[in-house]
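Structure first, then comments.
FYI, it's all coordinate maths here, none of it is from the lab. No experiment lies behind these values; they were computed from the predicted model shown. Note that each Cβ is placed from the backbone with ideal geometry, even for glycine, and that neighbours are counted across all protein chains shown.
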Amino acid sequence: MDARQPILFVDHLSKAFGSAIAPILKGVTFRQEPGQFVAVVGPSGCGKTTLLRCIASLMQPDEGAVLHYGRRFGDPPEWLSIVFQDYNRSLFPWLSVSKNVAFGLRELDKDEKAERVNQALRAVGLEHASDLYPWQLSGGMQQRCALARSIVAQPKLLLLDEPFASVDAQTRIDLQDMVMDICQRMSLSTLLVTHDIEEAVFMADKVVVLSTRPAHVVEEIAVDLPRPRDQLTTKETPEFLRLRHRVYMLVRQQVQKITLEHLPEKV
Amino acid sequence: MIPNRAHIAPFAWQIGVTAGLLVLWQWVAVMHPAPYLPPLQNIALGYFRLLHGDLFWSAIVPSLYRLAVAFLAAVLLGSLAGIAIGSLRALEPWVRPVFEYLRFIPAVAILPASLLLFGATDKMRIFVIAFGSIFPVLLAAIDGARRVEPMLLDVARVNRLKVPKLLFCVVLPAALPSIFAGVRIALSIALVMMVISELIAADDGLGFYILRNQRLFLTANVYAGVLVIGTIGFGLTFALLSLEKRVLAWHRGWRGLLDPKGA
């Protein structure tokens, strides 16, 4: 392990499904330093989830590599964990909340397991719901349960695949604050994939803007807003507004590109 | 809840109709005695004689033993094989055509063949019952295993689950609702095959008891035997449903059939 290397280096990643369709990813390249919060944004359907699945080794890229401190890795490694968008489908409906969380732990004795599960549940404020089943919880609570499962094994890198997309606006704000707080306290490196530009700028240290298909990195934008960030005061600073404007323009350019490309076919 | 007319009425009707039919039977049996219509007390006598003493050991116990061994084997083998086949896509094209063909063979049709194969033994009867009841379980398990939510499999992969644990901790629970549906069908088939297998070259069991009493024109005992089989079927189905209700409580809750607060 070479500490001078980034915790994650996505090196010219390309991926296509089948031979006939245009590739989804084409030469996606960016790096993430340890402890950094990176957000990947892009027009919807540009292949953000595919990128995340390639990074998590749930899918093999056609070309390029994903390096962890300069090294390739095969199957999903133990230092990495992931929260999926759809909490409805990613939690085990036959396991209680605490057992769902314990699912993230391997080879530990019973007491230690229970202690770690309790810790994770406290971190997301679900300690009172440990014996309930996921389907007895609200959407936001379910996503907190999924979050607890992903941090219980104390990973080094947390991947978030649009984790706040399926909850209501108020819950989304609460979850954003909670995730930022947890990542900072655990000094987790976090990679967030989202289509929400404001969310990306608000949460991340760096925003990576992807193009439309085939996706490549259009621009990387450093976000130097001070932490801890606040939903009200941070979002009112000129710097925040400037960054949001910048990212928005970049994404909109990409969206317009799609519309223009498809226009002649539709007419 | 205070019982009122609306609640009692349907219940009263059910009892009334049943009692009416029994009275009609008894009246006809007494007024016009015929071999095919024995009076109720004779049937009741036959029924209770089956539940006590020698007949219990020579008719009910052998039947239940065969049913239990064959049914449990069918459920166990059917779900294990089904989960393996459903999870390993590569296996399916090889075995699926065989199963799709075999499932259409009525288990009764293989009775003579299995008689040749195993002789008039318990083994033969158990084989026939298991053959008949394994296919609903097997096909339901294949189906259930194939339709496991892909995201749960991703969660399992990210958490580096080994294959045996993946099958038992993710695929099996996910397929369980489907498997239980297959098991319910299997139970009724198993009961049918249990009786039929005891009609051929048998010297004990409920099927044999019914057949022998029919040959001796002891009609009351024939009906008593049939009633005992009905009781067994009712009891086993009830037990299976109670088990399902316990094991799959999460499933009913998940599908929104349970009160979320009261589960």
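Things worth noting here:
- Value of D in µm² per second that Stokes-Einstein yields for region A:15-64, Kirkwood Rh from Cα pairs, at 10 °C (1.306 mPa s): 131 µm²/s
- In units of the rule-of-thumb radius 2.2 N^0.38 Å, chain A shows an alpha carbon radius of gyration of 1.03.
- Remark: spin-label model distance A:Ala65-B:Gln41 equals 9.4 nm, labels positioned 7 Å along the Cα→Cβ axis.
- Sorted largest first, the spans of the alpha carbon positions of region B:126-263 along the three principal axes are 68, 36, 17 Å.
- Taking B:Met194, A:Met180 and counting other C-beta atoms within 10 Å, the order from fewest to most: A:Met180, B:Met194
- Value of relative contact order over region B:61-167, rounded to a whole percent, pairs C-alpha under 8 Å and six or more apart: 46 percent
- In region B:168-263, taking the dipole from charged Cβ atoms about the Cα centre, the farthest positive-side position among B:Ala220, B:Gly205, B:Ser242 is held by B:Ser242.
- Residues in region A:53-67 carry Karplus couplings, in order, of 5, 5, 5, 7, 6, 7, 8, 9, x, 6, 9, x, 8, 10, 10 Hz; the curve used is 6.51 cos²θ - 1.76 cosθ + 1.60 with θ = phi - 60°, and Gly or Pro positions show x.
- Longest stretch of chain B clear of exposed loop sites (chymotrypsin sites (Phe, Trp or Tyr not before Pro), DSSP loop, at most 13 other Cβ atoms within 10 Å, sites excluded): B:105-216.
- Flagged links, alpha-carbon separation over 26 Å, of A:Lys156/A:Lys206; A:Lys48/A:Lys113; A:Lys99/B:Lys165: A:Lys48/A:Lys113
- Percent antiparallel among DSSP beta bridges (both partners in the protein assembly as shown, rounded to 5): 50 percent
- Unit charges at the beta carbon, dipole of the protein assembly as shown: most positive-side option, A:Ile24, B:Val137, A:Val251: B:Val137
- Multiplying the residue separation of A:Gln253 and A:Arg72 by 0.36 nm and removing their Cα-Cα distance gives an extension gain of 61.8 nm.
- Contour minus Cα-Cα distance for B:Leu216 and B:Phe118 (0.36 nm per residue): 32.4 nm
- Neighbours of B:Val155, meaning other residues whose beta-carbon lies under 10 angstrom from its beta-carbon, give a summed charge of +1 when Lys and Arg score +1 and Asp and Glu score -1.
- ³J(HN,Hα), Karplus 6.51/-1.76/1.60, whole Hz, each residue of region A:122-139, x for Gly, Pro: 5, 4, 9, x, 10, 4, 7, 10, 5, 8, 7, 9, x, 6, 8, 9, 6, x
- Sequence-ordered 3J(HN,Hα) estimates for region A:146-154 from the Karplus curve with 6.51, -1.76 and 1.60 and θ = phi - 60° stand at 4, 5, 4, 4, 7, 9, 5, 8, 6 Hz, glycine and proline given as x.
- Normalised by the number of residues in region B:126-263, the average gap of Cα pairs under 8 Å and 6 or more apart makes the relative contact order 24 percent.
- Pairwise label distance in nanometres, B:Ser188 with B:Val247, each label 7 Å out on the Cα-Cβ vector: 1.9 nm
- Normalising by residue count, the protein assembly as shown has a Cα convex hull of 259 Å³ per residue.
- For A:Val40, the amide hydrogen comes within under 5 Å of the amide hydrogens of A:Leu192, A:Val193, A:Thr194, A:Val208, counting only partners 5 or more places away or on other chains and with H modelled in the peptide plane.
- Approximating the spin labels as points 7 Å out from Cα along Cα→Cβ, the B:His7-to-B:Phe104 distance works out to 5.2 nm.
- Per-residue [θ]222 nm for chain A (sum of -39500 (n - 2.57) over DSSP H runs n ≥ 4, rounded to 500): -11500 deg cm²/dmol
- Amide H contacts of A:Leu25 (H built 1.01 Å from N, under 5 Å, at least 5 apart or other chain): A:Lys15, A:Ala215
- Residues whose placed amide H lies under 5 Å from that of A:Gly35, excluding near-sequence neighbours: A:Ser189
- Distances between every pair of Cα atoms in chain B, grouped in 5 Å steps from 0 to the bin holding the largest one, split as 1, 6, 10, 12, 12, 13, 12, 10, 9, 7, 5, 3, 1, 0, 0, 0 percent.
- Difference of contour (0.36 nm per residue) and Cα-Cα distance, B:Trp27 to B:Leu88: 15.7 nm
- For the protein assembly as shown, the dipole from Cβ point charges (+1 on Lys and Arg, -1 on Asp and Glu) about the Cα centre works out to 680 debye, to the nearest 20.
- Environment charge at B:Ile179 (Cβ cut-off 14 Å; Lys +1, Arg +1, Asp -1, Glu -1): +1
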